[in-house]
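As C-alpha cells, the structure follows; a few thoughts come after it.
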Amino acid sequence: AGLPPPSHAGAMPAMGSRPPLMGVGMGPMGAAAMGGSPAAAAMPSPERKVPLSAEMRTKLKEAVTEIVKRVLQPEYRSKRITSDQFKRIARAAVHDVVDNASSVTNVDMFVGMEEDKIAGATRKHMQKVLDS
C-alpha cells in the first residue's frame, strides 16, 4: 500500500523489519541516499563532511553573501557598524556557514531552509565584533 515494489532499488524494508542504524546526523535514508553504501549507513560514526565542488561552493558563497548583506545593511545604514566592521562580519559569517555546509546538492533549497540560521550566524558574528 504505497510502497515501491521489492525490485525497486532502495526499496523500503518490509513492515516489521528493523531499519539499518544510521550515522550521527544522517537523514532517514542514511549514507545510501547520498551515494554511500548501505554498510556505511549501518556503521555509527561521527558525521563526515563531504567537500563541496568548487562550482557548488562558489554558488553557495554567493547566495549566503546576499543573505548576510541583507541582514547587515540596516545596521550599517543606521551607523551601528562601520564599513570595516561590515566587511569583517560578512567575511566571518559567510566563511562560517559555507565551511560548515556539507552535502549541499541544491543551493536554493539549502539557503531557503537555512536562511534563519544564516541570519543568526551573522548576528552572532556582529555581536562579537561589537563587543570587541
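The values are calculated or read from the model by the stated rules, or taken from the named source; none is laboratory data. Treat the numbers as computed from the prediction; the structure is a model and nothing was measured. Because the Cβ atoms are built from the backbone with ideal geometry, glycine has one as well, and the counts that use them run over all protein chains shown. Surface areas here come from the heavy atoms of the whole protein model, side chains and all, with no ligands, DNA or RNA. Shrake-Rupley method; radii C 1.70, N 1.55, O 1.52, S 1.80 Å.
Brief remarks on what is shown
- Total residues in segment 106-117, condition acidic (Asp, Glu) and either open to solvent by less than 60 Å² (accessible area, probe 1.4 Å) or not in a helix (DSSP H, G or I) (or both): 1
- Looking only at segment 83-105, and only at residues there that are outside any helix (DSSP H, G or I) and surrounded by fewer than 17 Cβ atoms within 10 Å (Cβ to Cβ), the one that is nearest to the chain's Cα centre (by Cα): 102
- Taking residues in segment 82-102 that are among the small types (Gly, Ala, Ser), and partners anywhere that are in a loop (DSSP other than H, G, I, E, B) and open to solvent by 40 Å² or more (accessible area, probe 1.4 Å), the pairs with Cβ atoms closer than 6 Å and at least 6 places apart or on different chains are 102/49; 102/50.
- Considering only residues in segment 50-82 that are part of a helix (DSSP H, G or I) and small (Gly, Ala, Ser), the one that is surrounded by the most Cβ atoms within 10 Å (Cβ to Cβ) turns out to be 63.
- Residue 75 vs. criteria under 16 Å from residue 120 (Cα atoms), modelled with pLDDT of 95 or more, among the acidic types (Asp, Glu) and over 21 Å from the mean Cα position of the chain (by Cα): yes
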